Amino acid sequence: MKRINDPYEVDEGVPSVEVFRRLRADAGLSNKAPEAVALALPNTWYGVILRHEGEPIGMGRIIGDGGTAFQIVDICVHPAHQGRGLGKRIMAALTGELERRAPATAYVSLIADGPARFLYEKFGFADTARHDSIGMYRSMSSGS
């Protein structure tokens, strides 16, 4: 999806293991082991890579079972390119694909870190606490 005179392009797909790890690190996201990334990327339901003049500078993925449950993950944009509406372009591509292919009864979730919640709210995501739910997680490295 390229706009006229726009150095940014959102392409369908997932990056290589090395690029995935670099994009996460550049954006300040947690490190993932190469072995884990190699297992994860082929299981992406839908993914996009944000490029600046052909070079990957951001991404986003949807994972899930393809029918009832989906999760938006790995949304990131290199800090040098933030503040230009690029996260919004990634989210528009991801939510557009969900609207095209996900069943109407599917549940789509994500974890909003910090001010990213304001971006996600623009795409219809709401705080689960407002619905008498609480988001929970467990990191396998913590052992609890």
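The values are calculated or read from the model by the stated rules, or taken from the named source; none is laboratory data. Because the structure is a prediction, the values reported are computed rather than measured. Every residue, glycine among them, receives a Cβ derived from its backbone with ideal geometry; neighbour counts consider all protein chains shown. Side chains included, ligands, DNA and RNA excluded: accessible areas come from the protein's heavy atoms. Shrake-Rupley method; radii C 1.70, N 1.55, O 1.52, S 1.80 Å.
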Across segment 93-119, the tally of residues that are surrounded by 15 or more Cβ atoms within 10 Å (Cβ to Cβ), within 20 Å of GLY28 (Cα to Cα) and within 11 Å of the chain's Cα centre (by Cα) stands at 2
Pairing a residue in segment 52-67 that is closer than 22 Å to ALA104 by Cβ and open to solvent by 30 Å² or more (accessible area, probe 1.4 Å) with any residue that is among the hydroxyl-bearing types (Ser, Thr, Tyr) and outside any strand (DSSP E or B), where Cβ atoms lie under 8 Å and the two sit 6 or more apart in sequence or on different chains, gives ILE63/THR44
| request: Tell me, yes or no, whether segment 35-48 has at least one residue that is open to solvent by 30 Å² or more (accessible area, probe 1.4 Å), farther than 26 Å from GLU121 by Cβ, touching a strand residue (DSSP E or B) at 6+ places or on another chain (Cβ under 9 Å) and not in a helix (DSSP H, G or I). | output: no
Take THR68 and decide whether it is of a type in the set (Val, Ile, Thr), over 14 Å from the mean Cα position of the chain (by Cα) and either within 28 Å of ASP6 (Cα to Cα) or at pLDDT 95 or above (or both). yes
Residues of segment 127-142 being touching a helix residue (DSSP H, G or I) at 6+ places or on another chain (Cβ under 9 Å) and surrounded by 10 or more Cβ atoms within 10 Å (Cβ to Cβ), in sequence order, are ASP127, GLY135
Picking from ILE75, ILE90, the residue that is in a strand (DSSP E or B) and either in contact (Cβ under 8 Å) with a residue 40 or more places away in the chain or surrounded by 14 or more Cβ atoms within 10 Å (Cβ to Cβ) (or both) would be ILE75
Scanning segment 1-34 for residues that are part of a helix (DSSP H, G or I) and open to solvent by 40 Å² or more (accessible area, probe 1.4 Å), the one nearest to LYS88 (Cα to Cα) turns out to be ASP26
Within segment 93-124, of all residues that are aromatic (Phe, Trp, Tyr) and in contact (Cβ under 8 Å) with a residue 24 or more places away in the chain, the one farthest from GLY67 (Cα to Cα) is TYR120
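Matching residues to (1) more than 20 Å from ASP113 (Cα to Cα); (2) of a type in the set (Phe, Trp, Tyr); (3) touching an Asp or Glu at 6+ places or on another chain (Cβ under 9 Å):
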| position | (1), (2), (3) |
| --- | --- |
| ALA25 | no, no, no |
| TYR46 | yes, yes, yes |
| GLU55 | yes, no, no |
| ARG61 | no, no, yes |
| GLN71 | no, no, no |
| HIS78 | no, no, yes |
| HIS81 | no, no, no |
| GLY85 | no, no, no |
